[in-house]
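S.K.: Take a look at this one; I'll ask things after.
The values are calculated or read from the model by the stated rules, or taken from the named source; none is laboratory data. It should be emphasised that the depicted structure is a prediction, and the values quoted were computed from it without experimental measurement. Reconstructed Cβ throughout: ideal geometry from the backbone, glycine too, with neighbour counts over all protein chains shown. Note: areas computed on protein heavy atoms with side chains; ligands, DNA, RNA excluded. Shrake-Rupley method; radii C 1.70, N 1.55, O 1.52, S 1.80 Å.
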Amino acid sequence: MVDVVARMAGPLAPGSDTPAQIASRPGGAGANVAAWLALAGVPVALVARAGDDAAGHSAVDNLRAHGVDVAAVVLDRDRPTGICVVLVAPDGERSMLPDAGANAAFAAADLPARAFAAGAHLHVAGYTLLRDGAPRDAALEALRRARGAGMTISLDPSSAAPLARFGAARFLALAGHPDLLLPNADEAKALTGESDAAAAARALTASAREVVVTLGAGGALWTDGRVTLEAPAHAVAADDTTGAGDAFAAGFLAAWLDGAPSGGALDAGNALAARALTRA
């Protein structure tokens, strides 16, 4: 995806103008996690689609420069690279307007056989399960192959509003009890109806072996249903919150896959999120 981030000077003025600072840069949940994993020293391959256009080629080049294996990224000649317009209010609240572009054509045929092997890990962006047709079929096939190979699996539910429209029970049934579920507080509420993040996380252990809920400035918490741990966010002056959740996921996964205790993995996630917050 390409993120077009508009940082508004004031409240949105419907039907009129709202001054804003606007920047365009590579994005996409899967690509963000892959880039931060590579930065954390984890060998990582991205399986995705982008358009066969300037934006798609630029994104692939940037990921390759970060150390991401991009051999399985398909450049689609029929669809453009997806775009997400991110409206950032003065208080930091973000609203997103995504156009999936080439991601809407992501299909099971795009999955490379070499990616599914014992000892490897599959991380899935929940957007794939939330999209009708080929993307969902591809995600379900990836999950099936990963389980068949004995891989560990993590899933980021991606976005609260689409989850609410899709249905929590339906989403969790498709997810099929991953090893790790990584919602933010809004997504955890959408999946359980629980406003309390810790209670929501514990409820979600019926659908995943471990659950991590990110809490924005409040840090993050982990639970396996028996023990619950919390870790405060690192105190930084936030320049931009876009992509901080993806950075947290990468930091947590890097430590978790390396065998770190849950508290240490939470701190590693918060540390990488802090790095994301201090840079555009």
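S.K.: Calculate the spin-label point distance for Ala71 paired with Glu141, positioning each point 7 Å from the Cα along the beta-carbon direction, and give it in nanometres.
M.R.: 1.9 nm
S.K.: Residue by residue through segment 170-187, what is 3J(HN,Hα) from phi via Karplus (6.51 cos²θ - 1.76 cosθ + 1.60, θ = phi - 60°)? Round to whole Hz and write x for glycine and proline.
M.R.: 5, 5, 5, 5, 5, 4, x, 6, x, 5, 9, 10, 10, x, 8, 4, 5, 5
S.K.: For Gly27, what residues show an amide H to amide H distance below 5 Å, using hydrogens built from the backbone and excluding near sequence neighbours?
M.R.: Hits under the 5 Å cutoff: Val2, Asp3.
S.K.: Sort 78-86, 206-214 by the packing proxy (mean of other Cβ within 10 Å over each peptide's residues), most packed first. It would help to have the intermediate numbers written out before the result.
M.R.: Working: 78-86: 18.6, 206-214: 22.1.
Highest mean packing first, the order is 206-214, 78-86.
S.K.: Something else: Which value results when the Cα radius of gyration for segment 124-194 is divided by 2.2 N^0.38 Å?
M.R.: 1.04
S.K.: Can you tell me the convex hull volume per residue for segment 1-68, based on C-alpha atoms, in Å³ to the nearest whole number?
M.R.: Enclosed volume per residue, from the Cα hull, is 118 Å³.
S.K.: Per residue of the chain, what 222 nm ellipticity follows from adding -39500 (n - 2.57) for every DSSP H run with n ≥ 4, rounded to the nearest 500?
M.R.: Result for the chain: -11000 deg cm²/dmol, rounded to the nearest 500.
S.K.: Continuing with this model, one more query. Mind running the shape call on segment 82-214? Use the C-alpha gyration tensor, a ≥ b ≥ c as the square roots of the eigenvalues: rounded below 1.5 for a/c, prolate if a/b tops b/c, oblate otherwise. Could you put the intermediate results ahead of the total?
M.R.: Values: a/c = 1.98, a/b = 1.20, b/c = 1.66.
Oblate is the answer for segment 82-214, as a/c is 1.5 or above yet b/c matches or exceeds a/b.
S.K.: Further question on the same structure: Taking Rh as the Kirkwood radius computed over C-alpha pairs, what is the Stokes-Einstein D of segment 191-239 at 10 °C in a medium of viscosity 1.306 mPa s, expressed in µm² per second?
M.R.: 140 µm²/s
S.K.: May I ask you to rank Thr241, Thr205 by accessible area, largest first, using a 1.4 Å probe over the protein chains only?
M.R.: Result of the area sort, largest leading: Thr241, Thr205.
S.K.: Could you give the nm distance between label points at Arg94 and Ala107, where each point is 7 Å from its Cα heading toward the beta carbon?
M.R.: Each label point lies 7 Å from its Cα, and together they span 3.1 nm.
S.K.: Just need the relative contact order of the chain here, percent rounded to a whole number, with Cα pairs under 8 Å and 6+ apart.
M.R.: This gives 13 percent for the chain.
S.K.: Something else about it: Residue-wise, which Karplus ³J(HN,Hα) couplings in Hz belong to segment 6-15, taking 6.51 cos²θ - 1.76 cosθ + 1.60, θ = phi - 60°, and x for glycine or proline?
M.R.: 10, 8, 7, 6, x, x, 4, 9, x, x
S.K.: Scan around Gly126 for amide H atoms under 5 Å from its own, H built in the peptide plane at 1.01 Å from N, and keep only partners 5 or more places away or cross-chain.
M.R.: Excluding prolines and chain starts, which carry no amide H, the hits are Asp156, Ser158.
S.K.: Which shape class applies to the chain: rounded if a/c is under 1.5, otherwise prolate when a/b exceeds b/c and oblate if not, where a ≥ b ≥ c are the square roots of the Cα gyration tensor eigenvalues?
M.R.: Verdict is rounded for the chain.
S.K.: Sequence-distant or interchain residues sharing an amide H contact under 5 Å with Asp76, placed H: which?
M.R.: Long-range HN contacts for Asp76: Ala50, Gly51, Asp52.
S.K.: Picking from Ala201, Ala217, Ala31, which is most flexible by a Gaussian network model of the chain using Cα springs under 10 Å?
M.R.: It is Ala217.
S.K.: Could you check how much of the accessible area of the chain is carbon and sulfur, as a whole percent, using a 1.4 Å probe?
M.R.: So the carbon and sulfur contribution to the accessible surface is 53 percent.
S.K.: Taking square-rooted eigenvalues a ≥ b ≥ c of the alpha carbon gyration tensor, is segment 82-125 rounded, prolate or oblate, where a/c under 1.5 means rounded and, failing that, a/b exceeding b/c means prolate? Write down the numbers at each step before the final one.
M.R.: Numbers: a/c = 6.60, a/b = 2.01, b/c = 3.28.
Because a/c hits 1.5 or more and a/b fails to exceed b/c, segment 82-125 counts as oblate.
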